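Reviewing the structure listed below.
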Amino acid sequence: MVRTFFKSEAASGILLLGVTVLALAVANSPLSGAYFDSLHIVAFGLSLHHWINDGLMALFFLLVGLEIRHELSEGQLSTWAGRALPGAAALGGMVAPALIYAALNRDGALHGWAIPTATDIAFSLGVLAMLGSRAPVSLKIFLTALAIIDDLGAVLIIAVFYGSGLSPMYLGLAAATLAILEGLNRLGVKRLAPYLLLGAVLWFLVLKSGIHATIAGVLLAFVIPKGRGAASPALKLEERLTGVVAFFIVPLFAFANAGVSLAGITAATFLQPITLGVAAGLFIGKQIGIFGACWLAVKSGLARLPAGANWTAVYGVSLLCGIGFTISLFIGALAFSDEAGVAAAKLGVIAGSFVSGVGGWLVLSRGRLKRRAA
């Protein structure tokens, strides 16, 4: 199961890279007008861009929620020993980038502070997978656990800081729907259909409530029955969603969100506060926050290094975690309402993620990653 997950995420990361390049190419070609105009086509009250970001990405967050729930109850994060190091790393990897961004934007666009706090699990595992057997499996498990805790942090940040105009009526109806879903679980209903139908209702109510609609996906994940083994409804749903999310929804999201016009961009563009704050937060903040937190946790006796891995490997992974991409782009679209702000954030995400990915690969490919046997 673990090896299958790694292969899926690695393949998704490679596809994501190709789609990102394609989006940038189209956004800077004669097709750019059609590309940007198509995202504003409205159907059933929402633009195509919103259907992708608010609708399809709810399924992405449903899968994220299922993975978080599994890891917390049965997986790598189910014990204190398993969660200590990735938990400390994830916390450091969220705080340091946010502080760097805030320091560079203290007189302006502070609302974007959360953009560089995320790690893209598909992209980062894709880079790590290129090392093959040179990277210990424990290192991949550590990166996965770190990214999952990071995702949990991102979900909480989106729910708390990026809602607007809260509606008590719709919040109450959403809470009632969630209570019905929990009731079905407690009554032993195992069929997925009722949960998915009520999940669609929950999504609509959360959309109208002022909380970002994708949070409905995470809430739904925690009321799907778990069960045991292959008969687990939650496991069945996770298996069905994995391919759709990894190879359709996330690439489609990347294509719709990574496109940014490069016309008129100079070196000075990357020094603008938003772009610089996001890029520096991802590249500098992530490595400082994650590596520093890991060092403190290990030296204090709170945690241990991943089995068989050394400090070079941990530093390389710290760099890789600066690949923010999917959720960073997502938060960037929530943080800014103006096109200039969104474009500046996109540029920072792409630049910071690119430098982090290259830096991480160089450290991991050239360094000795495994501890010598005693």
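Among the residues of the range 229-261, those identified as in contact with a Leu (Cβ under 9 Å, 6 or more places away or on another chain) and outside any helix (DSSP H, G or I) are ALA258, GLY259, VAL260. Residues of the range 197-216 that are aliphatic (A, V, I, L, M), closer than 17 Å to PRO233 by Cβ and either open to solvent by less than 20 Å² (accessible area, probe 1.4 Å) or touching a residue at least 24 places away in the same chain (Cβ under 8 Å) (or both): LEU202 alone.
Report yes if ILE290 is at pLDDT 95 or above and either among the acidic types (Asp, Glu) or buried (at least 18 other Cβ atoms within 10 Å of the Cβ) (or both), otherwise no.
Criteria met by ILE290.
Screening ALA81, ALA102, ALA118 for residues that are modelled with pLDDT of 85 or more and surrounded by fewer than 24 Cβ atoms within 10 Å (Cβ to Cβ) leaves exactly one candidate, ALA102. Any residue at all in the range 315-329 that is within 24 Å of LEU22 (Cα to Cα) and surrounded by fewer than 20 Cβ atoms within 10 Å (Cβ to Cβ)? Within the range 315-329, none of the residues are within 24 Å of LEU22 (Cα to Cα) and surrounded by fewer than 20 Cβ atoms within 10 Å (Cβ to Cβ). For the criterion of being surrounded by 22 or more Cβ atoms within 10 Å (Cβ to Cβ), in contact (Cβ under 8 Å) with a residue 40 or more places away in the chain, within 22 Å of MET94 (Cβ to Cβ) and out of contact with any Lys or Arg (no Cβ under 7 Å at 6 or more places or on another chain), ILE141 fails. Are there any pairs with C-beta distances below 7 angstrom linking a residue in the range 65-83 that is over 23 Å from THR242 (Cα atoms) and touching a residue at least 40 places away in the same chain (Cβ under 8 Å) to a residue that is open to solvent by 50 Å² or more (accessible area, probe 1.4 Å) and in a helix (DSSP H, G or I), with the two at least 6 apart or on different chains, and if so which? Once the first residue is over 23 Å from THR242 (Cα atoms) and touching a residue at least 40 places away in the same chain (Cβ under 8 Å) and sits in the range 65-83, no partner that is open to solvent by 50 Å² or more (accessible area, probe 1.4 Å) and in a helix (DSSP H, G or I) comes close enough. LEU362 meets each of the listed conditions (1) part of a helix (DSSP H, G or I); (2) within 17 Å of HIS111 (Cβ to Cβ); (3) open to solvent by 30 Å² or more (accessible area, probe 1.4 Å) apart from (2).
The values are calculated or read from the model by the stated rules, or taken from the named source; none is laboratory data. This structure is a prediction, so every number in the text was calculated from the model and none was measured. No Cβ is skipped: glycine too gets one built from the backbone with ideal geometry, and neighbour counts run over all protein chains shown. These area figures cover heavy atoms from the full protein model, side chains too; ligands, DNA and RNA do not enter into them. Shrake-Rupley method; radii C 1.70, N 1.55, O 1.52, S 1.80 Å.
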